[in-house]
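The values are calculated or read from the model by the stated rules, or taken from the named source; none is laboratory data. Because the structure is a prediction, the values reported are computed rather than measured. Ideal geometry is used to build each Cβ from the backbone, glycine not excepted, and the neighbour counts take in all protein chains shown.
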Amino acid sequence: MTVLRAESVSVSAQVQGVRLRVLQNLDFVLNAGSVLGVVGESGAGKSMIGRAVAGALPDGFVLDAGRLAYASSDMGTMSAAHRRSLLGREIAFIPQEPMAALNPALTIGQQFGGHLARLGMSDRQERATAMLEAVHLRDAGGLLQRYPHQLSGGMCQRVLIAMAFASDPKLVIADEPTTALDVTVQAQVLRLIREMQERVGTAVLFITHDLRLASEICDDVLVLYAGRPVEFGPAARVLAHPSHPYTRALQLSAPVMHGERRALFSLAGQMPGLREFAGLQGCVFAPRCPVVQPDCGSVVPGAVNGVSCLYPDAVDRIVVPQFLPASPASSSEPVLEVSGLHCSFAKPGLFQRNRVVAASDISFRVDAGEFVGLVGESGSGKSTVARLVMGLTLPDSGDIKLSGDLLPASGGASRRMRLGAMQMVFQDPQSALNPRRRVSDIVTQPMRAVGSSEDEMAARVEVLLAQVGLSREIGQRYPAQLSGGQRQRVNIARALCVLPKLLVADEIVSGLDVSVQAQLLDLLLRLRAELGFAMLFISHDLAVVRYLCSRVLVMHRGQIVEQGETEAVFEAPQHDYTRSLLAAMPADI
Amino acid sequence: MRKTGWKLARRVLVSVPILLVVSFLLFAALRLLPVDPAAMSLPPTATLAEIAEKRHAMGLDRSIPAQYGIWLDEALHGRFGTSISLRRDAGALVANALPATIELAVCAMIIASALGLGGGVLLFYLRGTWVEVVGDLGTILLLSVPDFMWALLLLLVFGVLVPVLPFMGRIDPGLSVPRGSGFLLFDALSAGDFAVLRSALRHLALPALALGMAFAPAIMRVLRSSLIDVYHEDYIRQTRLRGVGEVRILLGHALKNAILPTLTLMGVQFGFLFGGTLLIEVIYGTPGIGNLMVDAVRNADLPVIQAVGLSYCVMVLAISMAIDAMVLMLDPRARAI
Amino acid sequence: MRRPAWARSARVLVGAGLLLAVLICAAAAPWLALHDPAEQDLLAVLQPPSGFAGGSPDYWLGTDSLGRDVWARLVYGARTAVLVAVFSATGAALLGTMLAHAAGYFGGAVDWVISRAVDVWMSFPPVVLSLILMVGLGGGIDKVVLAIILVDWTRFCRVLRSDVVLTARRDYVTAARLAGYSHFQTVLREVLPASLPLIITLISLEMGIAVVVEAILSFVGLGVGATLPAWGQMISDARQNVATSQIGLLLPMAAIFVTVAGFNLLGDGLRRTLDVRATAGRMA
């Protein structure tokens, strides 16, 4: 039985005389008991499907063509009251940010109870407890008395999943439900959604940017690019043998966990913005397509067997570049040696001063030109180690040596020795770049601090922008005018300004789309070959670390539980925690 | 729950040093005045020697911290010095006047909260309509009328031009005031004297309304803007996706979160409001600590200024404690930290 | 080139227009007034404005209980109001901004001391505190300005501090330190610019508050002194005759309202259009 069906659905808004289409010619079928994955990078319009079903499109946007049908009723013409009667009963949603999706001022019991009351259930306490037990939460009764902030992200998501499935809905829409969660929790939540879905044969629309996740859970997959469907079909076929160049490119740009390390394919450019795709002719992917043909720019491809490409056979001609530059001969000349670092923070208490240990007995080294990965889940102390190394947090005890020289624990001398020798690349470029400064100002900040002349700085800007692959005119822009990938390049350029020997990079590719991530990873490797710096690369993504780093440190609860050659650690992990991390990684595609 | 109790206790403890610092600053500031309390407490015929002797007796020849020590010791025993102009204990004067001020302030706070919170919710509920545009602009203009101007305007309109309400004192002069706590409304109620109650209410109406009107717009604006912020949160979207209706979302889900920043602001505003009673009392001839203060200031009556100033601080700290207690009750996250 | 958002806001334009009118009155007071504001005409007391029965064409807005020209006192009163507003708001902003940045940027003990000082200050209602200060300082326009600065720096400090804390937490501030900026450079170049829109908005609102406080102090007779005409004084004088002549009470109140509304409209308009965080949010 078909639960949700889209027939050439189009969603658009008229803005200043231009019709902006976030979705166009969308066709898919979602049957009861199956999971349909909607896959695309940010800006592909994948969330719009869920919002169209919820009747919560952004202001001005309407479903202006085609038919989006739930069971037999048209979602486009459905009355608000009718839609509201379906929401929460027959159609339920699982959100992206579980911690933010529960009301902080109400207990879990009040929220769950309110929902069950709306469903007209009388034995609410028992029912809620039963549902919480069904999502494998322990002490379900006690949980109902608690507030969301007392729960972890994974627990919040389980509560929300329990609420979503409480009414035995026909359709559940899950929008990036695991993005905000740690890898190990992510795997559990994924399994849980599948398990709950199978109980009553619910249909699930699973929206994700991650092809690997889609391959884990989905029966069918719909790949979106710039609001257009590029490929639709059974997950096994689409992901194993992509027929569209975009799907293939996505697949090739994700680093792998198993088998031989292969070079990443990096798709040039970026997805066009809403305004740009109003003016595009022909295939929307043509400007970036690695195997584009002359008529792709003028003919709009129709879907044949779910593939919207004029030349589906061309995917085989996509060439993956030669494998990355080999890791430098391990010079075994250490840039950074850390031994016995210990760091704890005072926890505000009433009278007693509890101390929370953020990092204990941290010892490792980074050799010249070497990329060392630091992996672990949120709260494991990865970022604390980065701050300790940079001197932003003072250790309780332990030594840091920079190129063999012991750094004083604190004070101006320690700061001066670090300046110019090590720099940090921050996680969130939004926060790392002052929105009031031009790019050229930002990247030459260290020179301004020592009073270099304007000419010197202008010259340096040009070199730096070229090195990170940005064009000259970007220098005159403000961070808000850049894309996420461009901002992260500026972030890197600033760190490179003083030609440091060591970069400390904290989750610098985590918020980026896979194709942009591939570009940045290759940029880092290329820059190392040019400039020869070493890097402490902090990440939660083991595949990225495997691609980039020759050695890896695994952190868990403030301690390094395992370290060694990346291949060796990932092939034969010694510590239980490393094993559970590896097991939780979604399979390669 | 135990945690909440601790936090409240801690809040009370924190205000003790604040009060000490405040009283010292007050004391020091007033000692720097070019006014000699000894000379003022003696008849104009006193000789310089008599004054010097008096100064010594009053401890005025010692250092300011030492004098403060004496004053503090006295104050802790309930003695705040003798009023220079009224020749009565300053503490007793304040104790007599305080109920009138508190009564006025509490009524004004109730009016301000009712108008502010009600108006804020209404303005938010009508967002996107012309009411919002007009209301938004209206609140800015209302904010531009300070409390004492409200007092004068209301007095002018309802007291002078359309004389429907009295505007002098706390009660009709012909009525006998029931003895008791000094809180007229409370005393009248407990004595069952409805004539007094009615008269007291009528006398309170204009001053309380004036003060309430001056502080309602700020509360209204903050509640509205915090509601707007809350509606951007994921949990409101998620609640809507469960099919919950708009009115229920507003009253059952959003308000409880939006009220928190509003309460914090109300704590500050009500501190200002308490100060606002001063001018209102002057304008409406209410025998509260405001009038006491203004008279003391005119007569450079240091013990009274000191005692009244301190009682204002105690009241402001009490208000902010009450607000903190409310926040603790309503915000599970504040309880946790 | 389009005008910046703040210059297109109706609130900013109306607010600035009102203030411009007040400013012109203040600046051109000697030319606008036909009489000396202190000149008493005891034969023509409590006259209504010209055009009303009993009014004289000589006194446009009538006279007060001492026969002084109300119009002259209003425009000279605008001088007092504008002077107090500008100097006290600037002073309070300087003091409050410095302390807020010290507290929010350095945190720790500095923050503790400054925050506790704000707590102590906030436990006084501003009206009461300024009254007590005026007792200590004595009257006069400079004392009024000083009293307002000493009372109202907390308004800046309290609001700005939490803003500075948020800014100081941002990675670009850390990056500036890592790039070799001194603390002073970092605050000046990276933190302060982020607070500027808020500071400008607060200054505008504070000017309105200063006008009110000056009026209150003059109202209770502890203001700029009897020799300078002030709106608060006019209100206080007119209150004695409220039963017979209401216009003398309404005019200075209208003057205060127009000035304060001007500052509030300007401040609110600036808050909406200068708020960089909100603007950035709209751009993203």
The one condition in (1) assigned to a helix (DSSP H, G or I); (2) under 15 Å from B:Thr101 (Cα atoms); (3) more than 11 Å from every other protein chain (Cβ to nearest Cβ) that B:Leu279 fails to fulfil: (3)
Enumeration of residues in the stretch C:167-214 that are facing another protein chain (nearest Cβ under 8 Å) and over 22 Å from A:Met422 (Cβ atoms): C:Pro193, C:Ala194, C:Gly208, C:Val212
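The rows are residues; the columns are (1) more than 17 Å from the chain's Cα centre (by Cα); (2) within 12 Å of chain B (Cβ to nearest Cβ).
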| residue | (1), (2) |
| --- | --- |
| C:Gly91 | no, no |
| C:Met98 | yes, no |
| C:Ala109 | yes, no |
| C:Pro125 | yes, yes |
| C:Ile132 | yes, yes |
| C:Gly138 | yes, yes |
| C:Ala147 | no, yes |
Residue in the stretch A:245-255 that is out of contact with any Cys (no Cβ under 9 Å at 6 or more places or on another chain) and either farther than 26 Å from A:Val304 by Cα or acidic (Asp, Glu) (or both) present: yes
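Checking the conditions here, which among B:Gly169, B:Gly180 is touching a residue at least 24 places away in the same chain (Cβ under 8 Å) and not in a helix (DSSP H, G or I)? Step through it out loud before you land on a result.
Details: B:Gly180 fails: touching a residue at least 24 places away in the same chain (Cβ under 8 Å).
The conditions single out B:Gly169.
Restricting attention to the stretch C:48-77, report how many residues are polar (S, T, N, Q), under 23 Å from C:Phe219 (Cβ atoms) and in a loop (DSSP other than H, G, I, E, B). Explain how you work it out, then say what you get.
The first filter runs over the stretch C:48-77 and keeps only residues polar (S, T, N, Q), leaving C:50, C:56, C:63, C:65.
Applying the additional criterion that residues be under 23 Å from C:Phe219 (Cβ atoms) yields C:63, C:65.
Then keep just the ones that are in a loop (DSSP other than H, G, I, E, B); that gives C:65.
The total comes to 1.
If I ask for residues that are more than 14 Å from chain A (Cβ to nearest Cβ) and polar (S, T, N, Q), which ones from the stretch B:185-238 would you list? Give the derivation first.
Taking the stretch B:185-238 first, the residues more than 14 Å from chain A (Cβ to nearest Cβ) are B:185-225, B:228.
B:Ser190, B:Ser199, B:Ser225 - these are the residues of the stretch B:185-238 that are more than 14 Å from chain A (Cβ to nearest Cβ) and polar (S, T, N, Q).
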Residue in the stretch A:11-31 that is outside any strand (DSSP E or B), more than 14 Å from chain B (Cβ to nearest Cβ) and at pLDDT 90 or above present: no
Candidates B:Val304, B:Val308, B:Val294 - the one that is crowded, with 18+ Cβ neighbours inside 10 Å and either of a type in the set (D, E, K, R) or without any contact (Cβ under 8 Å) to a residue 40 or more places away in the chain (or both): B:Val294
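Are any of the residues in the stretch B:286-299 farther than 22 Å from B:Leu30 by Cβ, touching a Gly at 6+ places or on another chain (Cβ under 9 Å) and within 11 Å of chain C (Cβ to nearest Cβ)? Can you show your working first?
We begin by selecting, within the stretch B:286-299, every residue farther than 22 Å from B:Leu30 by Cβ; these are B:286-287.
If we keep only those that are touching a Gly at 6+ places or on another chain (Cβ under 9 Å) too, we end up with B:286-287.
Among the residues that remain, those that are also within 11 Å of chain C (Cβ to nearest Cβ) are: none.
No; the residues of the stretch B:286-299 include none that is farther than 22 Å from B:Leu30 by Cβ, touching a Gly at 6+ places or on another chain (Cβ under 9 Å) and within 11 Å of chain C (Cβ to nearest Cβ).
Report the residue count in the stretch A:40-61 for those that are part of a loop (DSSP other than H, G, I, E, B) and touching a residue at least 60 places away in the same chain (Cβ under 8 Å). Show your work before the answer.
First, the residues of the stretch A:40-61 that are part of a loop (DSSP other than H, G, I, E, B): A:40-45, A:55-61.
Filter again for touching a residue at least 60 places away in the same chain (Cβ under 8 Å), leaving A:40-45.
Result for the stretch A:40-61: 6.
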Helices (runs of 4 or more DSSP H) completely within the stretch A:343-444 that count 3 or more residues being within 14 Å of chain C (Cβ to nearest Cβ) and touching a helix residue (DSSP H, G or I) at 6+ places or on another chain (Cβ under 7 Å): A:429-432, A:439-443
Cβ pairs under 7 Å, 6+ apart, first in the stretch C:243-256 and at the interface with chain B (Cβ under 10 Å from one of its Cβ atoms), second not in a helix (DSSP H, G or I): C:Thr244/C:Leu46; C:Leu249/C:Val242
Hits in the stretch A:470-486 (condition: among the hydrophobic types (A, V, I, L, M, F, W, C) and either more than 19 Å from A:Gln519 (Cα to Cα) or not in a loop (DSSP other than H, G, I, E, B) (or both)): A:Ile474, A:Ala480
Within the stretch B:239-252, considering residues that are facing chain A (nearest Cβ under 9 Å) and not aliphatic (A, V, I, L, M), the one nearest to the chain's Cα centre (by Cα): B:Gly252
Matching residues in the stretch A:125-172 - criterion: being more than 23 Å from B:Arg240 (Cβ to Cβ) and small (Gly, Ala, Ser): A:Ala130, A:Ala134, A:Ala140, A:Gly141, A:Gly142, A:Ser152, A:Gly154
Among the residues listed as C:Val145, C:Val128, C:Val159, the single one being part of a helix (DSSP H, G or I), modelled with pLDDT of 95 or more and β-branched (Val, Ile, Thr): C:Val145
Counted residues, the stretch B:311-330 - those being farther than 30 Å from B:Gly159 by Cβ, facing another protein chain (nearest Cβ under 9 Å) and either under 16 Å from the mean Cα position of the chain (by Cα) or crowded, with 19+ Cβ neighbours inside 10 Å (or both): 4
Residue ID - nearest to C:Arg239 (Cα to Cα), chosen from residues in the stretch C:57-67 that are touching a helix residue (DSSP H, G or I) at 6+ places or on another chain (Cβ under 9 Å) and surrounded by fewer than 23 Cβ atoms within 10 Å (Cβ to Cβ): C:Ser65
Pair list, Cβ under 7 Å, 6 or more apart: the stretch A:92-108 residue facing chain B (nearest Cβ under 7 Å), other residue assigned to a loop (DSSP other than H, G, I, E, B) and among the hydrophobic types (A, V, I, L, M, F, W, C): A:Glu97/A:Ala180
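Being away from every other protein chain (no Cβ under 14 Å) and of a type outside the set (Val, Ile, Thr): is that true of C:Ala53 here?
In short, yes.
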